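Heads up: the structure comes next, in structure tokens.
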Protein chains: 2
Amino acid sequence: MFDEIAILAPGLLGASVARAARHYGAAQRTTLWARRPEVRLQLQGQAWCDRVADTPAAAVQSAQLVIICAPVDQIVPLVQQIAPALPPGALVTDVGSVKGEISRLSHVALAPRHAFVGSHPMAGSEKTGWEHGRADLFKGRTTFVTPLPETDPAAAARVAAFWTALESDVATVEPDAHDEIVAHISHLPQVLASTLCASLAKREVRWRNHAGGGLRDTTRIAGSDPKLWKTILAQNRDEVLRAVRAYQEELHGLERALANRDWFEVQAILERGRAYRDQFRPIP
Amino acid sequence: MFDEIAILAPGLLGASVARAARHYGAAQRTTLWARRPEVRLQLQGQAWCDRVADTPAAAVQSAQLVIICAPVDQIVPLVQQIAPALPPGALVTDVGSVKGEISRLSHVALAPRHAFVGSHPMAGSEKTGWEHGRADLFKGRTTFVTPLPETDPAAAARVAAFWTALESDVATVEPDAHDEIVAHISHLPQVLASTLCASLAKREVRWRNHAGGGLRDTTRIAGSDPKLWKTILAQNRDEVLRAVRAYQEELHGLERALANRDWFEVQAILERGRAYRDQFRPIP
């Protein structure tokens, strides 16, 4: 599919892309660049890494597809940095959790010579770090591909085909639509898990020793990296605020029903929640 | 340990108690009673069930320990119903998620001839039904044992020893203290998972097809039985309201920080959440 792909700043997602590209034959060669020299040394020993470059520009010099896996606030600076070094026809994508601003600024940085097409695989783990990468991380999971209206459709199609080759289910939406969706189905759950833990931390912390499966599952993602998530929430602030406020109304409705001993309404809210949850599609 | 135990209204928990009692040698014989005749027929074929009784009174007639596994609103009526049929020295416990009212009314129904000692194993699943029972369901999980100040300490110790024999970690607390704890670590997470789904159900429901592991885990327990949970929330209304209101303050704090672009405060809340979550004890 691609002769060579370059993966910049690989963590869990970047290492998984490299492993999956190898496993599914989506790339002949993989070149990686990591910010920290000790990580670059470690990557040299990995079977799924053909070449390690010392700079982002050196990494992309013969790549047909560049996948930037840095935190969301470092994606645009990397795009600007590699722009002069990209070979003719090279495509650039990323795996960031927010797409509006990144897509617009990256487009400006690369056009008209190169195309930027944002990506966001809905896969991951509270375990970050390239050591946890897995070739099957994207299998059966949605990857959003987010071209702007002005993006070359052929470029968007090639990026989508790459994720499809990794057995991911591609959903193509505009960047702002993406940001509204993930504010609800990803950023809001993160906010709830983190604030639930932050709230419980103010009571007797030893209570957590009695946690059953419910509290454990509901709060698993509260173990995620706070700095990374602060950056995601900052980039998607407006949509996250809207989602949080809509949620607060729902919670307030339940609080009011409890306060009024309106058990019919309490059960109705629980029923609506279950009806929604029961229709999640199975994952492989 | 016990020659004979009787398990009334077995679902997931009751069937798991029967299997575990057999597996760990905590009871020589198990007698079960289920409300529905077709369930009684099915139970007769199970290796971990020695006898099936047609009525609660018949089930308890030679039991040393009776474990009532009915929904919380049906526990006290069952205690009152079996009281005249209990043999001398028999103990009665339950597995209900709320303990204050149940413990007080059951104590009154049985004293002074018999002792009621409430139990609440922090184990379960959104999958209810006796078919899902497992001998290792309680292993390494907390079981609350909740004697009243007036409960015979020897009775409380025997009930605690029973759960310890099933490899559960017993925590002995007064019923009202229990209800405060579970309002926070069990009922509040249920409220958040259900209201998150109820809130998302008001937006584009197809978004859920893109759900990653975060939304899936955070909302798993929203699949639980709404009728059962309405009853639990009704019995623990005051404590749940307090926990919900404390949580609303925390969430409001994050909303305010987002609105003010106070990223230092946003990160601080996420850090507090992670610090709390990271100290959950591992489960076997």
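Only one of the numbered conditions (1) at the interface with another protein chain (Cβ under 7 Å from one of its Cβ atoms); (2) among the hydroxyl-bearing types (Ser, Thr, Tyr); (3) more than 30 Å from residue B:139 (Cβ to Cβ) is not met by residue A:219, and that is (3).
Each residue in segment A:239-252 was checked for being surrounded by 15 or more Cβ atoms within 10 Å (Cβ to Cβ) and facing chain B (nearest Cβ under 9 Å), and 9 pass. For the structure I just gave you, tell me whether residue A:199 is closer than 21 Å to residue A:125 by Cβ and either surrounded by fewer than 21 Cβ atoms within 10 Å (Cβ to Cβ) or polar (S, T, N, Q) (or both). So residue A:199 does not fit the description; no.
Put simply, of B:57, B:26 the only residue that is of a type in the set (A, V, I, L, M, F, W, C), surrounded by fewer than 18 Cβ atoms within 10 Å (Cβ to Cβ) and either modelled with pLDDT under 95 or in contact with a helix residue (DSSP H, G or I) (Cβ under 7 Å, 6 or more places away or on another chain) (or both) is B:57.
In segment A:107-130, which residues are part of a loop (DSSP other than H, G, I, E, B) and closer than 19 Å to residue A:163 by Cα? Once the filter is applied, which keeps residues that are part of a loop (DSSP other than H, G, I, E, B) and closer than 19 Å to residue A:163 by Cα, segment A:107-130 yields A:117, A:122, A:123, A:124, A:125.
When A:221, A:283 are checked against the criterion of being outside the structural domain of residue A:189 (by TED's automatic domain parsing) and touching a residue at least 24 places away in the same chain (Cβ under 8 Å), A:283 stands alone in meeting it. Please indicate, with yes or no, whether at least one residue in segment B:156-171 is touching a Gly at 6+ places or on another chain (Cβ under 6 Å), surrounded by 23 or more Cβ atoms within 10 Å (Cβ to Cβ), under 27 Å from residue A:196 (Cβ atoms) and modelled with pLDDT of 95 or more. Looking through segment B:156-171, none of the residues is touching a Gly at 6+ places or on another chain (Cβ under 6 Å), surrounded by 23 or more Cβ atoms within 10 Å (Cβ to Cβ), under 27 Å from residue A:196 (Cβ atoms) and modelled with pLDDT of 95 or more.
Of the residues examined, residue A:125 is not one that is closer than 20 Å to residue A:154 by Cβ, among the small types (Gly, Ala, Ser) and under 18 Å from the mean Cα position of the chain (by Cα). Mind listing just one residue for me: the one in segment A:87-98 that is assigned to a loop (DSSP other than H, G, I, E, B) and buried (at least 21 other Cβ atoms within 10 Å of the Cβ) and, of those, farthest from the chain's Cα centre (by Cα)? Among those residues, the one meeting the criterion is A:90. Restricting attention to segment A:174-206, the residues that are more than 15 Å from the chain's Cα centre (by Cα) and among the β-branched types (Val, Ile, Thr) total 3.
Within segment A:125-162, restricting attention to residues that are in contact (Cβ under 8 Å) with a residue 60 or more places away in the chain and among the small types (Gly, Ala, Ser), the residue that is farthest from the other protein chains (Cβ to nearest Cβ) is A:155.
Here is a check on your reading of the model: is residue B:75 touching a strand residue (DSSP E or B) at 6+ places or on another chain (Cβ under 9 Å), assigned by TED's automatic domain parsing to the domain that holds residue B:39, under 18 Å from residue B:55 (Cβ atoms) and touching a residue at least 40 places away in the same chain (Cβ under 8 Å)? No; evaluated as a whole, the condition is false for this residue.
For the condition of a type outside the set (Asp, Glu) and farther than 15 Å from residue B:252 by Cα, residue A:241 does not qualify. Please determine, by comparing only the residues of segment A:135-168 that are among the polar types (S, T, N, Q) and either in a loop (DSSP other than H, G, I, E, B) or outside the structural domain of residue A:7 (by TED's automatic domain parsing) (or both), which one is nearest to residue B:209 (Cα to Cα). Filtering first and then ranking leaves A:168. Residues in segment B:198-238 that are farther than 19 Å from residue A:183 by Cβ and assigned to a loop (DSSP other than H, G, I, E, B): B:224, B:225, B:236.
Hey, can you tell me all the residues within segment A:253-269 that are facing chain B (nearest Cβ under 8 Å), outside any loop (DSSP other than H, G, I, E, B) and charged (D, E, K, R)? Listed by number, the list holds a single entry, A:255.
Do the conditions hold for residue B:225, that is, is it within 17 Å of the chain's Cα centre (by Cα), surrounded by fewer than 24 Cβ atoms within 10 Å (Cβ to Cβ) and more than 7 Å from chain A (Cβ to nearest Cβ)? In short, yes.
The values are calculated or read from the model by the stated rules, or taken from the named source; none is laboratory data. This structure is a prediction, so every number in the text was calculated from the model and none was measured. Note: ideal-geometry Cβ built from the backbone for every residue, glycine included; neighbour counts use all protein chains shown.
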